Structures are given as C-alpha cells and as structure tokens.
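Note sheet for the following structure.
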Amino acid sequence: MSLFQKTLLVFGVLLGLLVAHLAAPTVQAQAMGPLCDDRKDMLTALDGKFDEKPVSLGLAGNGTVVEVLISENGSWTIIMTSTNGVSCLMATGEHWRELPKQKAELAL
C-alpha cells in the first residue's frame, strides 16, 4: 500500500468518526477518544499546549459552531462544536498567515 493510499485510509477513518459523531450528538466525548472533548477543556488544552486562541468563528448549516484558533508562532486548529458543547478537531497545521482584509463584493 502506497503512502498516499495509507493517508487516504487514515483520513477516511477520521472523517467517518466525525460524521458518526455529528449524526449522533448524544454520544459522549469520552467514547470518541482524543478527537472530541468538552469545548472548555479543548480550548484550555489548545491554549496550554500550543498557545492557540480563537480568532474567528461561524455558524454551520447544521447548527454547529466552527472556530479557528491560531498561535503567534503560526500553528492553527479548526474545531467544530455541536449544540451539546462537545468540540471535535477538524484540522490542524502550521504556518498560518493572516491575509489583508478585502472588501466583499456582492454579485447581483
């Protein structure tokens, strides 16, 4: 199995866990393993370990809140929090850079 195929397999498993969690929001965070936790605990852990703090958020169509956390050294995390207060990691990475704000243009 190639590295690409292994990466796709791991991504598929993680995506499956996330979909299962969002489809059944009553699942306890402990049953999901380290990918999900109480929002307050997750924010505390991300701040303590990576010095990441929330910088933006939005409401997804399914009622969950999506947040972007970044640190001054460029690490970043995207979490999604369901209505029961459980947050799940969506993505993490390095080298986050802010782009200059641009005026939004509406297409009529």
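Quick note: the coordinates plus some simple rules give every number you see, no bench work behind them. Treat the numbers as computed from the prediction; the structure is a model and nothing was measured. Note: ideal-geometry Cβ built from the backbone for every residue, glycine included; neighbour counts use all protein chains shown.
Quick rundown of the values:
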read-out: Relative contact order (percent, whole number), the range 56-103, Cα cutoff 8 Å, 6+ residue spacing; value: 27
read-out: For M90, distant residues with modelled amide H under 5 Å away; value: I78, I79, M80
read-out: 20 Å cut-off, amide nitrogen to a point 7 angstrom out along N73 Cα→Cβ, residues in the range 84-99; value: 91-98
read-out: Sequence ranges 86-93, 45-52, ranked by mean other-Cβ count within 10 angstrom, highest first; value: 86-93, 45-52
read-out: Scattering profile of the range 42-108 at q = 0.12, 0.14, 0.23, 0.29 Å⁻¹ [log10 I(q)/I(0), Debye over alpha-carbon scatterers]; value: -0.37, -0.49, -0.99, -1.26
